[in-house]
Structure formats: C-alpha cells, structure tokens
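Participant: Mind having a look at this structure? Questions to follow.
The values are calculated or read from the model by the stated rules, or taken from the named source; none is laboratory data. From a predicted model like this one, the values you see are computed outputs, not experimental measurements. Ideal geometry is used to build each Cβ from the backbone, glycine not excepted, and the neighbour counts take in all protein chains shown. Each accessible area value is taken on the protein alone, full model and side chains, heavy atoms only, with ligands, DNA and RNA left out. Shrake-Rupley method; radii C 1.70, N 1.55, O 1.52, S 1.80 Å.
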Amino acid sequence: MKAMLRVSPLALAGVLAMAGPAAAAGAVPASYSKALQTADAFLHAWLVRDAAAGRGLMASSLLDPPGGVDAAAYSSWLSLYMTGESSPRHQAYELHPGQCADESSCSFPVTLFEYASGDASAFGQPGQIELVHEREGWRVTRLPRSSDNR
C-alpha cells in the first residue's frame, strides 16, 4: 500500500509565498523576469570570466569609484572581480528566487562557488545580487560576495 503525503492548501500557500514569485504558479511581473535574466547573464559572465560582458551589465553607480578611491585601481578591481585569479577559480553559481521592491529595483540571493587547486571540494559564498532599471535595461548595483570581495 502506498503512503500518501497530504499537504494542506494553507501550508502550500505559505511555502510558495516564502519562495518568492518564481515558485508561484502563473505569471510574474515583467520587471522580475527581466531583472532575473540580467542577473543570470551577469553571473554567467562571472562564471566564464568575461569582464567586458560583466562590466556592460553593471550600473553606472557601481562603475563609478567610491569617493577617495583611485579610478584606475577601482576599474582594475572590477575587472579582477569578473575574471578572478587562477586559484581559486570560478566554478558555478546558484541563483535563488528573489523579489522586486518596485518596478525598477530587484534583488536575488545567490551563492558563488569557487574551487582552489588541490582542494577536495569547492567553497560557496552566499550573498545578494541587486539590480536597478536604468538606461535601456536592468543593471547590477551590488556585486555578490566572492573570494575577491568578502
């Protein structure tokens, strides 16, 4: 005899609400799906170490160096964030359901995995990627945590 798991509709609704718009059945706002697409494209650029593609998806507020920081050094650091070092190397990323504060601001939890040569396993850095709608599309305003910006 098969055992059946019974889940109350109220419990299921609670789980879906905690998981964010992506887990719910049906439509999600266009702003959510477009921000998610940009987050995925940015993280893919990080994974394949494509600094030009990654920088092209960064918001102007992220590209501008913070006050008192040398512009050339900051630009170099942004490129290093995208390309990484030979060890640890970018291994994978895990993008989780997020939320939009409004039509022009979204954030997603993400874990970046990196692998150091000779280690038995990769290590993950949990963090957040934040995006805003500017210019002609969605852009990253906050970089997820990695070994380059802990």
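Participant: Using a 10 Å cut-off on Cβ atoms, rank the peptides 109-118, 40-49, 72-81 from the highest mean neighbour count down. Provide the component values of the computation, followed by the final result.
Facilitator: Details: 109-118: 16.2, 40-49: 18.6, 72-81: 13.4.
Highest-to-lowest ranking by the protection proxy: 40-49, 109-118, 72-81.
Participant: So, one more: Less than 13 Å Cβ to Cβ from THR141, Lys/Arg counted +1 and Asp/Glu -1: what total charge do the surrounding residues give?
Facilitator: Local net charge: 0.
Participant: Which distance in nm do the two modelled labels at ALA53 and SER33 give, with both placed 7 Å along the Cα-to-Cβ direction?
Facilitator: Placing both labels 7 Å along Cα→Cβ, they lie 2.2 nm apart.
Participant: Considering only protein heavy atoms and a probe of 1.4 Å, how much of the accessible area of the range 43-150 is carbon and sulfur, as a whole percent?
Facilitator: Carbon and sulfur together cover 49 percent of it.
Participant: For the range 22-111, with only Lys/Arg (+1) and Asp/Glu (-1) charged at the beta-carbon, what is the dipole magnitude about the Cα centre, in debye rounded to 20?
Facilitator: 180 debye
Participant: Tell me which residues come under 5 Å, amide H to amide H, from ILE129 once H is placed; ignore anything under 5 positions away on its chain.
Facilitator: For ILE129, whose amide H was placed from the backbone, the distant partners under 5 Å are PHE108, VAL110.
Participant: Counting each pair of different Cα atoms once, what's the Kirkwood radius of the range 23-80 in Å, rounded to one decimal?
Facilitator: Working: mean 1/r = 0.0758 Å⁻¹.
Mean inverse Cα-Cα distance, inverted, gives 13.2 Å.
Participant: Across the range 98-109, in residue order, what do the Karplus-derived ³J(HN,Hα) couplings come to in whole Hz, using 6.51 cos²θ - 1.76 cosθ + 1.60 with θ = phi - 60° and x for Gly and Pro?
Facilitator: Karplus-based 3J(HN,Hα) across the range 98-109 equals x, 8, 10, 6, 7, 6, 10, 8, 9, 9, 9, x Hz.
Participant: Once you sort the root eigenvalues of the Cα gyration tensor of the range 18-150 as a ≥ b ≥ c, which label holds: rounded (a/c under 1.5), prolate (a/b larger than b/c) or oblate (the other case)?
Facilitator: oblate
Participant: Once amide H atoms are placed 1.01 Å from N in the peptide plane, what residues at a sequence separation of 5 or more from ARG89, or on another chain, have their amide H within under 5 Å of its amide H?
Facilitator: TYR115, ALA116, SER117
Participant: Tell me, what is the percent relative contact order of the range 28-83, built from C-alpha pairs under 8 Å that lie six or more residues apart?
Facilitator: So the answer I get is 39 percent.
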